[in-house]
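Visitor: Mind having a look at this structure? Questions to follow.
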Amino acid sequence: MKMKRNIHLGIVVAAIILLVASWTSSCSKGGGVNVFSVEDDIKLGKQLDQEIKSDPATYPLLDETAYPVAYSHILRITNALLNTGEINYRDRFEWQVKIIRDDATLNAFCAPGGYIYVYTGLIKFLDKESELAGVMGHEIAHADLRHSTDRLTTAYGLDFLLSMALGKNSSTLKDVAANLALLSYSRKDETQADEYSVKYLCKTDYEPNGTAGFFQKLVDSGQSGKTPAWLSTHPAPDKRVENINKKAEACGTGQAFETRYSEFKSSLP
Ligand SMILES: [Zn+2]
C-alpha cells in the first residue's frame, strides 16, 4: 500500500513539475529551474518598490526634486551600466534608481524587475565613481540574472509551486515580496554577480575592477566585519578582490573619475 501511494505521489509531483516547466518561460543561468516568470519578477519588484516608498521611516528616500544634481550623477552611472548591451532585460524591466538618505548604511540593492536603491552611506564611503559603478553593476546583475526568484524557488519549494498551481498566485506574490529582503544570495550567485560587474564595466569607460576597489576598501578600513548581509555570504572580501582583478585583466584599463565623483558626493545632503 505504502509503495503504491508513493508511486501515486510521484506521478502527482511529476505532473506538477511538467505543468510548471511548461508554464515557466525561462531557466536560470545558474542551471536550476526558476519557477517564476519574468512577469513575476516585474510584479515582485513593483510590490517591493511600493512597500519601500510607503515606509519612509525605514527607507528615507532622497527627494529627486530637491537634489536634482545628485540624481543626475546616479543616473549617469546607471545608464552607463544599462547601455552596455549586456543587460538581458534592458527593455523589459523597469530600471529605476533611488538614493536612500542614510549615511550609516553601506549598502545598495536591486529588487527583481530592476528597482535599484543606493544608500548615501555607500556613496560617501567610496572615492571613485568606478567603485560605485562596480557595486551597482553587481546589484544590477542579481536582478538581470534573476537571482532573487532563483532563491525564492529554492526557499518556497514544492509548496509554493502547489499554491501557484491552485491559482493563489497573486496573494502569494505579495507575501513573497515581503520575504524577498530576508533572503541572501548564494555564494555562486555572489561570484557570478561579481563577474558580471566586470563584464559590464568592461563595456564602459570605468576601471573594469571597480567592484574590487570597494571590497579592498572594506578590508583596508577594517570594516569587512561590518559587511552588510548582502555581502556577508562567502567568499570573503579579499578572495573576491582576487577573483575580480583576475577577471578584469582581460579587458584593459579604464578611468576612476574621482573628480566627478567628489562632485557627486558634494551634491548630497
Ligand atoms: Zn550580491
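Visitor: Kindly indicate whether any position in region 251-262 is modelled with pLDDT under 95, exposed (fewer than 13 other Cβ atoms within 10 Å of the Cβ) and part of a helix (DSSP H, G or I).
Guide: No, there is no match, as no residue in region 251-262 is modelled with pLDDT under 95, exposed (fewer than 13 other Cβ atoms within 10 Å of the Cβ) and part of a helix (DSSP H, G or I).
Visitor: Looking only at region 227-245, decide whether some residue is modelled with pLDDT of 90 or more and touching a Pro at 6+ places or on another chain (Cβ under 6 Å).
Guide: Within region 227-245, the subset modelled with pLDDT of 90 or more is 240-245.
Imposing the further condition that a residue be touching a Pro at 6+ places or on another chain (Cβ under 6 Å) reduces the set to none.
Within region 227-245, not a single residue is modelled with pLDDT of 90 or more and touching a Pro at 6+ places or on another chain (Cβ under 6 Å).
Visitor: Let me ask something else. Take the conditions among the polar types (S, T, N, Q), modelled with pLDDT of 90 or more and open to solvent by less than 30 Å² (accessible area, probe 1.4 Å) and apply them to T78. Does it pass?
Guide: yes
Visitor: Can you tell me which residue is farthest from the ligand (Cβ to nearest atom) among those in region 114-141 that are closer than 23 Å to C202 by Cα and small (G, A, S)?
Guide: S130
Visitor: Under 8 Å between Cβ atoms, at least 6 apart or on separate chains: pull out the pairs that start in region 131-152 with a residue that is open to solvent by 10 Å² or more (accessible area, probe 1.4 Å) and end on any residue that is of a type in the set (S, T, N, Q) and in a helix (DSSP H, G or I).
Guide: E131/T211
Visitor: Quick one: which residue in I100, I52, I116 is within 23 Å of N209 (Cα to Cα) and aliphatic (A, V, I, L, M)? Steps first, answer last, please.
Guide: Details: I100 fails: within 23 Å of N209 (Cα to Cα); I52 fails: within 23 Å of N209 (Cα to Cα).
After applying the criteria, what remains is I116.
Visitor: May I ask you to list pairs of residues, at least six apart or on different chains, whose Cβ atoms are under 6 Å apart, with the first in region 234-252 being of a type in the set (V, I, T) and the second being open to solvent by 40 Å² or more (accessible area, probe 1.4 Å)?
Guide: Pairs found: V241/Q216; I244/N209.
The values are calculated or read from the model by the stated rules, or taken from the named source; none is laboratory data. Model, not experiment: these values are computed from the prediction. Don't worry about glycine lacking a Cβ; one is built from the backbone with ideal geometry, like all the others, and counts go over all protein chains shown. All accessible areas refer to the heavy atoms of the entire protein, side chains included, with ligands and DNA or RNA removed. Shrake-Rupley method; radii C 1.70, N 1.55, O 1.52, S 1.80 Å.
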